[in-house]
1. Determine which member of the set Ile6, Ile34 is in contact (Cβ under 8 Å) with a residue 24 or more places away in the chain and more than 18 Å from Val111 (Cβ to Cβ).
2. On the given criteria, is Leu122 buried (at least 19 other Cβ atoms within 10 Å of the Cβ) and either part of a helix (DSSP H, G or I) or without any contact (Cβ under 8 Å) to a residue 24 or more places away in the chain (or both)?
3. Where in segment 1-118 are there strands (runs of 3 or more DSSP E), lying fully within it, with 3 or more residues that are β-branched (Val, Ile, Thr) and buried (at least 20 other Cβ atoms within 10 Å of the Cβ)?
4. Specify the residue that is surrounded by the fewest Cβ atoms within 10 Å (Cβ to Cβ); the eligible residues are those in segment 126-157 that are outside any helix (DSSP H, G or I) and out of contact with any strand residue (DSSP E or B) (no Cβ under 8 Å at 6 or more places or on another chain).
5. Report every pair of residues separated by at least 6 positions or lying on different chains whose Cβ atoms are under 8 Å apart, first residue within segment 11-31 and closer than 21 Å to Ser114 by Cα and aliphatic (A, V, I, L, M), second at pLDDT 95 or above and assigned to a helix (DSSP H, G or I).
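The values are calculated or read from the model by the stated rules, or taken from the named source; none is laboratory data. For clarity, every value in this text was computed on a predicted model and none was experimentally measured. Cβ atoms come from the backbone with ideal geometry, glycine included; neighbour counts cover every protein chain shown.
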Amino acid sequence: MKVVAIAGMAGSGKSEVARQFEKSGYVRIRFGDITDIEVKKLGLPLNEANERQVREQLRKEHGMAAYAKLNLPRIDEALQNCNVIVDGLYSWEEFVLLKNYYGDKLCLVAVLSSPKTRYKRLSVRRIRPLTNKEAADRDKTEIENSNKGGPIALADYTIVNESSLQELTEQTQRIIERLA
């Protein structure tokens, strides 16, 4: 069994890539679900400010590998029956924890898009849309506070997502075939 983790900045296409893996039989585990659950527990609306507050609080409580640590039981349970696709690896520390825990079973895929492309996508997405300023602020926070660059730089596979959904799907399918 394999664990494939997807890293990339907001709006790069991580969730689209995860959907393709899911269609190929992988169980999808979205690290951000933890944030959504915590925001709802606090009775707050899902928005960038509340999500950021919860992400930062979880990392204070559990360390920079918080999301990997908190999702290990879900990943382990899913791995009993099939491969897993992790949607949204955020930090270097999460990568290190998963790599130490899963070893060669772990594969990392980076999804890259320019800020201009990502900000356009983020402004029109149905769930959790962001303004250009919110997107730029999130980029800055994720790079400076989440150590997000390391996993992207060390990915086993890289997808450049600057054109169509069809091209993204084709690139993803080639990776899925290589991993089979």
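1. On the way: Ile6 fails: more than 18 Å from Val111 (Cβ to Cβ).
Testing whether each residue is in contact (Cβ under 8 Å) with a residue 24 or more places away in the chain and more than 18 Å from Val111 (Cβ to Cβ) leaves just Ile34.
2. Details: buried (at least 19 other Cβ atoms within 10 Å of the Cβ): yes; either part of a helix (DSSP H, G or I) or without any contact (Cβ under 8 Å) to a residue 24 or more places away in the chain (or both): yes.
For Leu122, the condition - buried (at least 19 other Cβ atoms within 10 Å of the Cβ) and either part of a helix (DSSP H, G or I) or without any contact (Cβ under 8 Å) to a residue 24 or more places away in the chain (or both) - is met.
3. On the way: elements: 3-7, 27-30, 84-89, 106-112.
In segment 1-118, 3-7, 84-89 are the strands (runs of 3 or more DSSP E) which contain 3 or more residues that are β-branched (Val, Ile, Thr) and buried (at least 20 other Cβ atoms within 10 Å of the Cβ).
4. In the first step, residues of segment 126-157 are kept if they are outside any helix (DSSP H, G or I); the result is 126-131, 146-148, 154-157.
Then keep just the ones that are out of contact with any strand residue (DSSP E or B) (no Cβ under 8 Å at 6 or more places or on another chain); that gives 126-131, 146-147.
Working: Arg126: 5, Ile127: 7, Arg128: 14, Pro129: 14, Leu130: 20, Thr131: 12, Ser146: 21, Asn147: 17.
Of everything passing the filter in segment 126-157, Arg126 is surrounded by the fewest Cβ atoms within 10 Å (Cβ to Cβ).
5. So the pair list comes out as Val17/Leu168; Val17/Thr172.
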